[in-house]
Amino acid sequence: MALTACSIVVTVAAAARSTVPGTPVQSRLPALRPDTLAARYAANHRFITASRRAAHDMGDDGRAGVLGRLARKDRHFLSFSPRGDGQVVEVLGDLAHADRIAVVVPGSDTTVDTFDQLGTVYASLHGGAGALHAEMTKLQPDRKTAVVAWYGYPAPRTMSRDIVSTDRALDGGRRLAGLVGDLRKVNASAPVSLLCHSYGSVVCATALRRMDAPEESSLADVVLFGSPGTGVRSRAGLRTRVPVWAGRGATDWIEGVPHVSLDLLGEQVGFGTDPVTEAFGARIFPAGPGSHSDYLRPGGLPLRNISLIALGRGTEVSDD
C-alpha cells in the first residue's frame with residue numbers, strides 16, 4: 001500500500017510539472033553533424049534558460065535552481081526537456097574530435113532534478129561523468145576523449161513496480177540505440193563504450209539487441225556495473241560481438257536482488273542471470289570494496305578500471 005501511494009504521489013507531481021501553462025516549447029534543433037554541433041548546444045542553452053525563467057515565474061524555485069546550474073555557459077547539451085522528470089543529455093569534452101567516446105547510462109531515480117544532485121557529487125550522473133572524463137584524461141592525456149551523460153529515457157523510481165520490469169528499458173533501449181547512431185553522424189571514427197549502471201544495464205542490453213550493424217560497428221565495449229541483470233540468460237543473449245564487462249563492489253546491495261526472470265501476463269519481471277557470475281559469461285573487472293553509488297567515485301578502483309576499458313586498455317584492469 002505504501003509503495004502504491006508513493007508511486008501515485010510521484011506520478012501526480014511529475015504530471016503537474018509537465019502540464020503547467022507557460023512551460024516553453026523547444027524549437028526544432030539543428031540536425032546532429034560536426035558543423036552544427038555548436039548551434040545545437042546554443043539552442044539547448046537558450047531553451048534551458050527560458051525554462052529556468054518559466055519555472056521561477058511559476059514559483060517552482062527548486063526546479064529553477066536546478067535549471068540555473070544547467071544553464072551555465074560552459075556546459076553543453078545534445079538534448080533537454082523540462083517536462084515531468086525531464087530529459088538531459090550532456091557532453092563533456094570535444095565530441096566531434098574525440099578519439100574515444102564513453103556514454104554513461106544511469107539507473108533508477110534519475111531525473112532532471114537529480115542530474116547534478118548536490119552533496120555526493122560523484123553519485124549524480126553529471127558528477128560521475130565528470131569524474132570519468134577527468135580520470136580518462138589523467139590516464140591518457142595525449143588522447144582526446146568525450147563523455148556523454150545520457151539521461152535520455154524515463155528512468156524508473158526505486159519505489160515503484162517499474163523497477164522490477166523491463167518496460168522502461170524497452171523504451172530506453174530504443175532511444176539509446178538511436179543515440180549511438182547519432183554519435184556516428186558527429187564522429188564516425190571514435191569507438192564508443194557504453195557504461196551501464198544498475199537499471200541502466202537493462203537499458204543497454206535492450207539497445208544492443210535492437211542495434212543495426214552500422215550502429216553496433218561504432219561500439220568498442222559494454223561495461224555493466226552494479227547491475228541487477230540484463231533481462232537475458234547470458235552474454236550470448238545480448239547479440240553483440242563487442243567485449244562485455246561486468247563488475248560489482250563488495251558491499252553493493254544489488255547482490256541481494258533475486259536473479260530470476262518471469263513472464264507474468266505478458267510482462268517480463270526480473271532480470272535473470274547475475275552478470276558477474278561465470279554462467280553469464282562477461283569479462284569481470286575488479287570493482288573494489290564500495291557500494292552501489294561508489295563506482296565513479298574519484299580515486300576509486302572501479303573508476304580507474306572502467307576508464308581503462310573506455311580508453312581501449314582493458315588488458316590493464318587490475319585489483320590495485
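A few notes on this one:
- Protein accessible area in segment 84-311, 1.4 Å probe - carbon and sulfur %: 53 percent
- These residues, Met136, Met58, go from largest to smallest accessible area, 1.4 Å probe, as Met58, Met136.
- Listed residues Pro30, Asn305, Leu132: farthest to the positive end of the dipole of the chain (Cβ charges): Pro30
- An oblate overall shape is assigned to segment 79-132, the ratio a/c of its alpha-carbon gyration tensor axes (a ≥ b ≥ c) being 1.5 or greater and a/b not exceeding b/c.
- Asp109, Asp142, reordered so the largest accessible area comes first (probe 1.4 Å): Asp142, Asp109
- Solvent accessible area, Å² - Ser293, 1.4 Å probe, full protein context: 60 Å²
- If you plug the beta carbon distance of Arg209 and Ser189 into 1/(1 + (r/R0)^6) with R0 = 30 Å, you get a FRET efficiency near 0.75.
- Percent of Cα-Cα distances greater than 24 Å, calculated over segment 173-287: 24 percent
- A helix-only calculation puts the chain at -11000 deg cm²/dmol for mean residue ellipticity at 222 nm, using -39500 (n - 2.57) for each DSSP H run of at least four residues, averaged over all residues.
- Size of electric dipole in segment 84-311: Cβ of Lys, Arg +1 and of Asp, Glu -1, about Cα centre, debye, nearest 20: 520 debye
- Between the amide H of Ile284 and those of Ala246, distances stay under 5 Å, these residues lying 5 or more places away or on another chain, with hydrogens modeled in the peptide plane.
- Listed residues Arg184, Arg83 arranged by accessible area, highest first, probe 1.4 Å: Arg83, Arg184
- Orientation-averaged projected area, Cα convex hull of the chain (nm²): 16.3 nm²
- P(r) weight above 12 Å for segment 274-320, C-alpha pairs, percent: 62 percent
- For the chain, the relative contact order works out to 15 percent when only alpha carbon pairs closer than 8 Å and six or more residues apart are counted.
- When segment 30-82 is reduced to its Cα atoms, the Kirkwood hydrodynamic radius in Å: 11.4 Å
- Only helices reaching 24 angstrom along their own axis (Cα) with mean Kyte-Doolittle hydropathy no lower than 1.0 count here, and for the DSSP H runs of the chain these are 2-19.
The values are calculated or read from the model by the stated rules, or taken from the named source; none is laboratory data. Just so we're clear, the structure is a prediction, and the values are computed from it rather than from any experiment. Ideal geometry is used to build each Cβ from the backbone, glycine not excepted, and the neighbour counts take in all protein chains shown. Just so you know, the surface numbers come from the protein's heavy atoms only, side chains and all, with ligands and any DNA or RNA stripped out. Shrake-Rupley method; radii C 1.70, N 1.55, O 1.52, S 1.80 Å.
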